[in-house]
Amino acid sequence: MTYCSARCKAQDAKLKLKTQNFLKKNFKLYTLVLRFSLFAFRSLGFCILHFAFLCYAQEIKEPSASGRFYPAAPAQLSQTIERFFDEVTPQQIKGDILVVIAPHAGYQFSGRTAAYGFKLVEGRHFDTVLILGPSHYVDFRGASVWLKGAFRSPLGDIPVDEDIAYELLLNCPLFFSYPDAFLGEHSIEVELPFLQKALDNFKIVPIVLGFNKLEKCKELAKTITKAIKGKNCLIVASSDMYHGFDYQQAGLMDIYTLSLIKEFKIEELYQSLREGRAQLCGGTGVVIALLAARDLGFNKVEVLNYTNTSEVLGEKQKGQYCVGYSSAVIYKENKEKDEEGEEGMLSERQRKRLLEIARKSIETYLSKGEKLEVEESDSSLVSLHGTFVTLRKHTELRGCIGNLVGQAPLYLTVRDMAIEAAVGDPRFPSLKLEELSEVEIEISVLSPLEKITDLSEIEMGKHGVEIRKGFHRGVFLPQVATETGWSREEFLSNLCAHKAGLPFDAWKDPSTEIYIFSAEVFCE
């Protein structure tokens with residue numbers, strides 16, 4: 001089909017839309033006209049009735065990849081996706097997700113990788129999902145939108161969001177209705193069962209993309225941005241990666257491609273795809289998704305998983321056909337706020353998890369003499385932060401150990417510092433297992449150290465302070481000032497004398513280095 005004929009179809013669809021909208025707005029008038037027509041001109045009335053039926057009829061897109069790319073039996077399909085979800089643990093995202101980039105090959109090859117992105121949106125609510133898929137079988141320019149009705153999968157029918165679909169078509173000449181683009185096309189269809197298992201009560205806007213220059217991609221993205229701004233929408237960019245016969249080249253090329261996506265180098269990504277230095281069979285959709293995300297303020301990319309057919313099949317010989325698959329999300333980070341309305345580093349759930357790890361770590365060490373085996377993939381819990389663990393028994397200090405600079409994932413630092421606070425603080429005897437139930441655990445997660453020269457920068461109760469002079473060092477956490485009621489001078493003097501082993505007034509010496517930090521403090 002030529003571009004011109006596709007545009008003619010688009011014009012027909014627009015005319016049809018205007019007629020439909022007129023009929024909806026003037027239903028009573030339409031009814032009177034129809035009754036009069038049926039009474040006076042039966043043949044003409046039949047034509048009008050037939051036209052109305054075409055406007056309002058449900059148009060169901062039947063599955064074409066069912067039984068080939070994924071199981072056709074509903075129970076087997078449901079169990080397959082549930083198994084994928086059970087097998088993967090995606091890195092948790094603290095923020096709003098706008099885009100999921102997912103592969104579209106047969107589930108036996110890419111299903112597990114696809115599950116990473118879809119599991120991450122599981123339980124979140126989206127009113128509409130726009131699915132951007134490449135055209136594998138029809139050559140055209142622009143973007144074909146399925147305007148009405150529903151898409152059918154073995155798990156049920158998913159309704160089309162006609163309002164957004166028609167808005168795209170009316171606001172940009174690059175969008176048009178070309179149903180032939182969907183015939184036999186699997187890039188949209190294979191994403192539907194994953195969405196049905198992850199989300200409830202949503203509509204879709206299926207879009208098959210032809211070839212588009214970068215300027216056209218930007219125009220398509222702006223139209224999408226305008227249509228979904230202020231609405232609760234998700235975009236799925238359906239794309240596989242490297243296609244070729246070299247396992248090593250697949251890895252290198254896909255690493256490069258993913259680096260451009262992760263760094264939001266959209267123009268370079270598009271040019272690299274054109275020149276063959278990068279490969280994405282759904283590259284246009286990924287580029288448009290990145291552009292729309294950038295316009296809407298979603299500026300973070302997390303690559304959740306990567307694999308290829310050689311790794312899945314265990315066949316990495318030279319000359320073996322290889323296709324790359326990745327799962328990624330584009331999101332906007334939402335930071336938690338503390339009681340004073342200031343942004344915090346951790347959510348309530350993450351704090352609770354760290355406290356659970358701390359208590360279980362102490363219990364395991366005191367009862368078995370070994371460290372707790374634990375794994376976390378949450379991006380905040382695997383980040384590097386200085387951390388202190390404080391133990392109190394009946395409100396009295398029972399141990400406190402930590403470090404100022406993160407040298408291991410946060411959750412492992414909490415585990416190790418909890419054990420040290422229990423058995424390694426030289427000021428106290430080792431904690432006994434029978435005491436643990438009487439102990440309250442407090443965790444302080446520290447911000448990076450900042451060297452200061454102006455003591456007025458120290459905010460009592462907010463900043464912790466480290467003193468350094470020669471081989472002498474000492475640190476007070478921010479809560480020390482709150483608990484003691486000291487002034488800034490008393491705070492620094494006691495820090496020098498009782499923690500760093502220096503004279504009380506050493507903080508006045510120009511050669512003494514003073515560092516401040518803030519701490520997110522939470523307890524059981």
#### Entry: Test: residue 279 is out of contact with any strand residue (DSSP E or B) (no Cβ under 8 Å at 6 or more places or on another chain) and not hydrophobic (A, V, I, L, M, F, W, C)
no
Contact list, first residue from region 89-118 and in a loop (DSSP other than H, G, I, E, B), second anywhere and surrounded by 18 or more Cβ atoms within 10 Å (Cβ to Cβ) and acidic (Asp, Glu), beta-carbon distance below 7 Å, six or more apart or interchain, is 91/302; 91/378; 92/378; 93/302; 103/240; 104/191; 104/240; 105/240
Wholly inside region 154-247, strands (runs of 3 or more DSSP E) that include 3 or more residues that are surrounded by fewer than 24 Cβ atoms within 10 Å (Cβ to Cβ) are 156-159
Checked pairs for region 167-182, first among the charged types (D, E, K, R), second surrounded by 22 or more Cβ atoms within 10 Å (Cβ to Cβ) and in a helix (DSSP H, G or I), C-beta under 8 Å and 6 or more apart or across chains, list as 167/227
Checked region 465-515 for anything touching an Asp or Glu at 6+ places or on another chain (Cβ under 6 Å) and either among the polar types (S, T, N, Q) or within 14 Å of residue 444 (Cβ to Cβ) (or both); matches are 475
Screening 364, 413 for residues that are buried (at least 19 other Cβ atoms within 10 Å of the Cβ), free of Cβ contacts under 8 Å to residues at least 60 places away in the same chain, under 38 Å from the mean Cα position of the chain (by Cα) and under 30 Å from residue 88 (Cβ atoms) leaves only 413
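Table: residues versus (1) at pLDDT 95 or above; (2) of a type in the set (Phe, Trp, Tyr); (3) touching a Phe, Trp or Tyr at 6+ places or on another chain (Cβ under 8 Å).
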| site | (1), (2), (3) |
| --- | --- |
| 173 | yes, no, no |
| 179 | no, no, yes |
| 200 | no, no, no |
| 203 | yes, no, no |
| 216 | yes, no, no |
| 259 | no, no, no |
By residue number, the members of region 101-131 that are among the hydrophobic types (A, V, I, L, M, F, W, C) and over 17 Å from the mean Cα position of the chain (by Cα) are 105, 109
Within region 71-88, residues being within 28 Å of residue 261 (Cα to Cα) and in contact (Cβ under 8 Å) with a residue 40 or more places away in the chain number 3
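Out of 287, 236, which single residue is in contact (Cβ under 8 Å) with a residue 60 or more places away in the chain and in contact with a Cys (Cβ under 8 Å, 6 or more places away or on another chain)?
287
Residue by residue, here is whether (1) part of a loop (DSSP other than H, G, I, E, B); (2) touching a Leu at 6+ places or on another chain (Cβ under 8 Å); (3) closer than 22 Å to residue 517 by Cβ; (4) among the aromatic types (Phe, Trp, Tyr) holds:
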residue: 353; (1), (2), (3), (4): no, yes, no, no
residue: 361; (1), (2), (3), (4): no, yes, no, no
residue: 364; (1), (2), (3), (4): no, yes, no, no
residue: 371; (1), (2), (3), (4): yes, no, no, no
residue: 381; (1), (2), (3), (4): yes, yes, yes, no
residue: 398; (1), (2), (3), (4): no, yes, no, no
### Task
Might you let me know whether region 270-286 holds any residue that is over 20 Å from residue 133 (Cα atoms) and either assigned to a helix (DSSP H, G or I) or within 20 Å of the chain's Cα centre (by Cα) (or both)?
yes
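The values are calculated or read from the model by the stated rules, or taken from the named source; none is laboratory data. Computed from a predicted model, the values in this text were never measured in an experiment. Please note: Cβ atoms are built from the backbone with ideal geometry, for glycine as well, and neighbour counts cover all protein chains shown.
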